[in-house]
Structure formats: structure tokens, C-alpha cells
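S.K.: Before I ask anything, here is the structure I am working with.
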Amino acid sequence: MLERFLNPSVLASISNLELVAKTVVDGFVSGLHRSPDFGFSQEFAEYRAYTEGDDLRHVDWNVFARTEKIVLKRFRGETNSQVTVILDASASMGFSSTGVSKIDYGRFLTASMLYMANLQRDAYGVLVFDDEIRHYVQPSSRQGQLHRVLHALDKAVPAARTDYAKPFFHFQQFHRRRGITAVVSDFWESPKKIVDTIKPLRFHGNDVVLFHLLDPQELRPKFRDSVLLVDSETNRTVEVTPDYARNEYGPKIDAHIAELKSEAESNGLDYCQIMTDAPLDAALREYLTLRKGRN
């Protein structure tokens with residue numbers, strides 16, 4: 001039952017992005033309460049009784065439904081961190097073989113991390129890019145910030161080619177405060193080039209995590225017949241046979257992933273591979289691991 005609230009195919013049926021984020025975070029937090037071996041449930045484990053004037057956004061309605069008592073969640077992780085999520089909205093992020101595209105999964109994950117940051121009283125913001133910065137909401141903890149970041153995510157449409165250099169260079173110019181930066185992308189680029197472009201964020205004392213988002217068909221494609229594939233960003237075509245997909249492509253994508261992970265970790269960046277048919281909890285656990293490291 002719990003996994004249903006973290007399942008991307010279920011979330012895709014919810015039209016409101018804020019409701020998606022609330023559904024994911026509430027389900028995730030409930031999972032932390034039930035987990036005997038995960039060390040972050042204490043960040044969410046404290047409650048206090050509702051008093052007049054309290055913000056109703058923090059009422060645990062699940063507890064109310066069971067007990068008819070109004071209690072508020074209290075978070076120990078109120079550390080005034082700064083959280084920025086950088087979402088790739090290039091054309092390749094529009095691909096889907098599961099019913100949930102990479103860009104939609106990226107929106108769900110980004111919205112959930114920022115919703116959690118909002119609950120934890122962090123300053124938070126979002127940047128959406130392809131070969132340019134398309135939308136940027138500077139980190140803030142002001143009232144209305146959640147609406148601003150979700151509006152930017154709603155407008156994120158897969159288009160253009162991926163270019164990490166220009167958007168990240170501009171971002172680094174006004175990103176000075178220490179905090180957590182999460183990059184959500186399919187990373188279809190040379191691993192060394194990717195990491196060389198992103199690693200300067202570490203120079204300002206940021207913790208950086210790369211969420212490598214892939215569709216199952218990109219990892220292990222299954223073809224019965226030869227197919228003509230079209231690159232969504234360059235429009236180049238290539239014919240792929242089932243034998244090539246089965247015997248040659250697999251080792252190449254494995255090598256790409258291994259190189260990206262190695263380059264990232266050797267330069268002080270965290271790496272987390274996420275599949276679009278997987279629940280969102282693994283990525284959120286990675287995010288909380290970074291948060292705990294900063295506390």
C-alpha cells in the first residue's frame with residue numbers, strides 16, 4: 001500500500017504537482033516511521049498538539065483520520081540549509097517506455113525534494129535548463145516560494161539540446177551560499193565533460209548530488225526486429241539490430257554509467273542512479289543522507 005504513494009505511474013495520474021509532492025513526501029515519511037533500520041525517521045518523528053493560530057499545512061491528517069486528534073509534525077532538520085535542484089529539460093528527457101517520461105519523473109522528484117525543504121524551513125530554489133537557463137527561481141524561504149518553484153516546474157517542457165556548460169557557468173556566478181545542489185538529468189554527455197562542468201559548485205562549499213535518471217529501455221533495450229532510432233536532440237538516425245542491442249549496447253551503457261559514477265565520486269560529488277519505473281524513495285533517501293551530513 002505504501003509503495004503506491006511513491007509509484008511514478010500512480011503519481012502520473014495526479015494533475016496537480018503540489019499534490020504529487022505532498023503524496024510522495026507523506027508516503028515517504030510514513031515509510032521512515034515504519035523502518036527499523038533507516039536513521040532519519042527521527043527528523044520527522046516528533047509531534048505536538050495543535051494550538052490556535054498554527055499553520056494547518058503542518059497538520060498530520062493521517063493521524064487525525066485515525067484518532068480525531070489534531071497534531072502537527074515537528075522537524076528536527078530545521079537547519080536553514082539552502083537547497084537548489086537543477087532539472088534537465090532537454091529533448092532527450094521527453095523519452096518514455098513506461099508511461100512516465102524522464103521529464104515527468106524529474107518533475108516529481110524535484111517537487112518532492114523542494115516540498116520537503118519547505119517543510120524543513122530551508123531556503124530552496126530551482127533551475128530548469130537545456131542549452132540555456134529556461135527558468136530560475138532563486139533560493140528563498142519567503143512565503144509563496146513553493147508556488148513559485150512549482151510554477152517553474154509546470155512550465156518545464158523538453159526542448160533543444162543539452163548543454164551543461166552555459167547554464168552552469170551562469171548559475172555559478174550568483175550561487176555563493178553553501179548548501180545542497182541536486183542535479184536531475186539523464187546525463188547523455190561525456191562523463192568527464194559533465195563532471196568538469198558541475199564540480200566547481202563544490203568550490204563554494206556545496207554538497208552536490210547527481211541523480212542519473214534513465215528509462216529501462218535505455219539501460220537494456222529489447223527489440224524483436226531491427227529498428228531505426230532517431231536522436232531527439234540532433235535528429236540523427238541509426239539502425240539498431242536486436243543482436244547489437246543485446247550484445248554490444250549493454251556493455252557500452254554500463255561503461256558510461258561506471259565512468260560517470262567514478263568521475264563524480266573522485267571529484268567529491270555524490271551519484272545516484274534512478275530508473276523511471278522505480279519508486280521515488282531511493283532518491284529521497286539520498287537527499288536526506290546529504291541533509292544529515294550537513295547537520
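S.K.: Filter the range 254-281 for residues that are hydrophobic (A, V, I, L, M, F, W, C) and exposed (fewer than 15 other Cβ atoms within 10 Å of the Cβ) and give the result. Explain how you work it out, then say what you get.
M.R.: Going through the range 254-281, the residues hydrophobic (A, V, I, L, M, F, W, C) turn out to be 255, 257-258, 260, 264, 269, 272, 274-275, 278, 280.
Correct list: ALA255, ALA258.
S.K.: I need the helices (runs of 4 or more DSSP H) fully contained in the range 120-203, keeping only those with at least 1 residues that are among the small types (Gly, Ala, Ser) and in the same structural domain as GLU263 (by TED's automatic domain parsing). Reasoning before the result, please.
M.R.: On the way: elements: 145-154, 165-173, 191-198.
Hits in the range 120-203: 145-154, 165-173.
S.K.: Regarding ALA264, is this residue within 23 Å of TYR105 (Cβ to Cβ), touching a residue at least 40 places away in the same chain (Cβ under 8 Å) and either touching a His at 6+ places or on another chain (Cβ under 9 Å) or not charged (D, E, K, R) (or both)? Before you say what the answer is, go through the steps one by one.
M.R.: Working: within 23 Å of TYR105 (Cβ to Cβ): yes; touching a residue at least 40 places away in the same chain (Cβ under 8 Å): yes; either touching a His at 6+ places or on another chain (Cβ under 9 Å) or not charged (D, E, K, R) (or both): yes.
So ALA264 passes the test.
S.K.: Tell me whether the range 149-164 contains one or more residues that are closer than 23 Å to GLU259 by Cβ and hydrophobic (A, V, I, L, M, F, W, C).
M.R.: Of all residues in the range 149-164, those closer than 23 Å to GLU259 by Cβ come to 161-164.
Applying the additional criterion that residues be hydrophobic (A, V, I, L, M, F, W, C) yields none.
No, the range 149-164 has no match at all.
S.K.: Please specify each residue of the range 201-222 satisfying the condition of being in contact with a Phe, Trp or Tyr (Cβ under 9 Å, 6 or more places away or on another chain), without any contact (Cβ under 8 Å) to a residue 60 or more places away in the chain and surrounded by 15 or more Cβ atoms within 10 Å (Cβ to Cβ).
M.R.: LEU201, PRO221
S.K.: Considering every residue within the range 101-122, establish whether at least one is surrounded by fewer than 24 Cβ atoms within 10 Å (Cβ to Cβ) and among the basic types (Lys, Arg).
M.R.: For the range 101-122, residues surrounded by fewer than 24 Cβ atoms within 10 Å (Cβ to Cβ) and among the basic types (Lys, Arg): present.
S.K.: Determine, yes or no, whether ARG178 is under 15 Å from LYS252 (Cα atoms), surrounded by fewer than 14 Cβ atoms within 10 Å (Cβ to Cβ), at pLDDT 75 or above and out of contact with any Pro (no Cβ under 6 Å at 6 or more places or on another chain).
M.R.: Working: under 15 Å from LYS252 (Cα atoms): no; surrounded by fewer than 14 Cβ atoms within 10 Å (Cβ to Cβ): yes; at pLDDT 75 or above: yes; out of contact with any Pro (no Cβ under 6 Å at 6 or more places or on another chain): yes.
For ARG178, the condition - under 15 Å from LYS252 (Cα atoms), surrounded by fewer than 14 Cβ atoms within 10 Å (Cβ to Cβ), at pLDDT 75 or above and out of contact with any Pro (no Cβ under 6 Å at 6 or more places or on another chain) - is not met.
The values are calculated or read from the model by the stated rules, or taken from the named source; none is laboratory data. For clarity, every value in this text was computed on a predicted model and none was experimentally measured. For neighbour counting, all protein chains shown are included, and Cβ atoms are generated from backbone atoms with ideal geometry for every residue, glycine included.
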